[in-house]
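J.: If you scroll down you'll find the structure; I have some questions about it.
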Amino acid sequence: MNRLLERRRIRGAIIAAPIVALLLGFLVIPLSIILWGSVEGEKLTFSHYARIFSDDTNFSVMLQTLKVGLIVTLLSLAASYPVAYLLTEIKSRALSLVTLFILVPLFTAFLIRTYAWMIILGRQGPINNTLIWLGLIREPLPLLNSTFGVVIGMVHVLMPIAIFTMYSSMVRIDHNIARAAQILGAKPVQAFLRVYFPMSLPGVFSAGILIFIIAIGFYITPALLGGPRDAMITQLIVTQMTTLLNFELSFASSIVLLLVTIGVLFFASLFIPLEMIWASPGVEIASQKPRSTSRFFGDVKQALQPILTTFEALIHLVTKPFLTRKARWLWAYTILALLFLTAPLIVVFLLSFSSSLFVVFPPPGFSLQWWVKLGHASDWHESFLFSVKLGCVSAFFATIIGTMGAFWLVRTTLPFKRALFLFCLSPLMVPVIIIATALYMFEARIHLLGSFAGLVIGHVLLSVPYVIVVMAAALRGFDQSLEKAAAIHGARPMQVLRLVTLPLLKPALLTAGLLAFLTSFDELLITMFMIGQQTLTLPFKFWNDIKYELNPLLSAASTFIVILVAAAILTAHWIKARHDRRTSAGTGK
């Protein structure tokens, strides 16, 4: 085995085989099957595609999807930018605290957050009750089952992603450059708009592309917070597959959504390297030559210079009292943003101790009845244990496959490395509904549909890209001289891997495994298509109960999950901090 590993080509083939087999066997081939099925195979008919654009209902759903995706993207970017900017300015302790308040909502299940917004936006929810108490309205506003509800719910889900995506780019910008511009006579607004903001645009653009791709593939939030007029293409595909049994039309709808995604990514590639969207240091992007589109933007900027100068002067007059070095207004805004992100979780927590038999906010009294019922609810226990089992198995295989894939991408010399890197991240680019549809047809053919193995494969497919991103970043910063020193002293390749490399990568492995577990634990669409007659996963159990009735038992279950997520994040942070202290202490010696 050691002799084989000493040969580079054989070693590269061994570590690449799992990720390549997974993506070819359970992504490329299934997508080819639904593409072939959308034209009815050898008939090569495009009638189903024509129906999407000729039928008023189908076409309006497509337009609604794009409209909501664009609105959500713009609002998420605008709301997240100040928070991402503040994160680049504050010190480590404050950074850890603010980050914690963003991470907990980020890793809390979509269903739990959407359930919370169903309560907040309801006729008896906090918003309507407050407005009535203030005398601003007489009757509750129809906030639920509306476009407003869908947009608010989606922005809440996507804001943490936008914050961290922009922060990963903005943290590399030296703030002293903007301060130098002020020393040379630029006003604070000019220094920001002409120096800092243009340098942050690649990160903003990356976040925008990522959010838009995720938004047009949303299913849970529009299904629960929207009305019939707010249906998005994912809901249409699910209805065509599960209710109407019109598989060919659902295939065509999936391919159209995939083509829109590819078009968006192609547009993004004209401005930034696509790998930058996922903020991975696994591929060098700093050496990229300036793109031809930058000349176009330069010409536009020069033509609009008089308008921009007037705009800057007006902004300066308005914002001058707030632009101080202490950035109190920025802290105030960030606190409001964090309150927006955590308020749904607080509402759910309070309702879990309600004395009412119904969802009423604020709770009329304190009671532990719902926690007692949750403790005796065997169906919830079974779903929870099955989800934990599924998450652990999926995380185990995803961590192994993703780590091997990261070694392949970072440690080996490959032609077309950028293309291969993007290929390994392709499950992140393809909307989940398309993957679910494709896997459903493929696993039905190979008799894996409804089996635990088939369910694990689907969850591993979605989890692997997160592992690759984390492990590629860790490997890029790994000191390979330690491995060379071990090899010089007689260690075989497997010994070096087992005794040197993996122990030093332990924090990254734990982070990658946690991300894979949480991805599996939160997954609904893949489960809906693949689960068959197995025990319902916790998200699927939530989904069925939310559609049937809202009750405080859901709040108790949600609170329990939020507590587990917070504990997992704190544990991961503690392990990383402990490892960093040991490493720094060892270096000092």
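J.: Name the single residue, out of those in segment 335-378 being aromatic (Phe, Trp, Tyr) and closer than 30 Å to residue 81 by Cα, that is most open to solvent (accessible area, probe 1.4 Å).
T.: Restricting to residues being aromatic (Phe, Trp, Tyr) and closer than 30 Å to residue 81 by Cα, the top hit is 349.
J.: Only one residue in 287, 250 is of a type in the set (S, T, N, Q), in contact with a Ser or Thr (Cβ under 9 Å, 6 or more places away or on another chain) and modelled with pLDDT under 90. Which one? Walk me through how you get there before you give the answer.
T.: Values: 287 fails: in contact with a Ser or Thr (Cβ under 9 Å, 6 or more places away or on another chain).
Answer to the selection: 250.
J.: Any residue in segment 70-79 that is within 23 Å of residue 256 (Cα to Cα), part of a helix (DSSP H, G or I) and either open to solvent by less than 20 Å² (accessible area, probe 1.4 Å) or not assigned by the TED database to the domain that holds residue 167 (or both)?
T.: yes
J.: Being open to solvent by 50 Å² or more (accessible area, probe 1.4 Å), part of a helix (DSSP H, G or I) and assigned by the TED database to the domain that holds residue 218 is the requirement here; does residue 176 meet it?
T.: So residue 176 passes the test.
J.: Let me ask another. Given the criteria assigned to a helix (DSSP H, G or I) and closer than 29 Å to residue 249 by Cβ, does residue 439 qualify?
T.: Details: assigned to a helix (DSSP H, G or I): yes; closer than 29 Å to residue 249 by Cβ: yes.
It is true that residue 439 is assigned to a helix (DSSP H, G or I) and closer than 29 Å to residue 249 by Cβ.
Quick grid of which residues meet (1) of a type in the set (Ser, Thr, Tyr); (2) modelled with pLDDT of 80 or more; (3) outside the structural domain of residue 435 (by the TED database):
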| residue | (1), (2), (3) |
| --- | --- |
| 197 | no, yes, yes |
| 212 | no, yes, yes |
| 219 | yes, yes, yes |
| 222 | no, yes, yes |
| 254 | yes, yes, yes |
| 257 | no, yes, yes |
| 261 | yes, yes, yes |
| 266 | no, yes, yes |
| 278 | no, no, yes |
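J.: Pick from 452, 416: which is hydrophobic (A, V, I, L, M, F, W, C) and at pLDDT 90 or above?
T.: 452
J.: Still on this structure: Within segment 445-455, can one find any residue that is on the phi > 0 side of the Ramachandran plot and surrounded by fewer than 21 Cβ atoms within 10 Å (Cβ to Cβ)?
T.: yes
J.: Would it be correct to say that residue 104 is part of a helix (DSSP H, G or I) and under 30 Å from residue 65 (Cβ atoms)?
T.: yes
J.: Residue check, residue 518 against (1) open to solvent by 10 Å² or more (accessible area, probe 1.4 Å); (2) within 27 Å of residue 266 (Cα to Cα), all met but one. Which one?
T.: Failed condition: (2).
J.: Further question: Checking residue 529 against (1) open to solvent by 30 Å² or more (accessible area, probe 1.4 Å); (2) part of a helix (DSSP H, G or I), which single condition isn't satisfied?
T.: (1)
J.: I would also like to ask the following. Can you say whether residue 85 is part of a helix (DSSP H, G or I) and either free of Cβ contacts under 8 Å to residues at least 60 places away in the same chain or more than 30 Å from residue 264 (Cα to Cα) (or both), as far as the supplied structure shows?
T.: no
J.: So which residues in segment 408-436 are part of a helix (DSSP H, G or I) and without any contact (Cβ under 8 Å) to a residue 40 or more places away in the chain, if there are any at all?
T.: So in segment 408-436, the residues part of a helix (DSSP H, G or I) come out as 408-411, 417-424, 426-429, 432-436.
419, 420 - these are the residues of segment 408-436 that are part of a helix (DSSP H, G or I) and without any contact (Cβ under 8 Å) to a residue 40 or more places away in the chain.
J.: Check residue 196 against each of (1) over 24 Å from residue 273 (Cβ atoms); (2) touching a His at 6+ places or on another chain (Cβ under 8 Å); (3) open to solvent by less than 60 Å² (accessible area, probe 1.4 Å) and name the one condition it does not meet.
T.: So residue 196 meets the others, but not (1).
The values are calculated or read from the model by the stated rules, or taken from the named source; none is laboratory data. If you're wondering where the values come from, they're calculated on a predicted model, not measured in any experiment. Cβ sites come from the backbone with ideal geometry, for glycine too, and all protein chains shown count toward neighbours. Ligands, DNA and RNA are stripped out before the accessible areas are found, and what is left, the full protein with its side chains, is counted by its heavy atoms. Shrake-Rupley method; radii C 1.70, N 1.55, O 1.52, S 1.80 Å.
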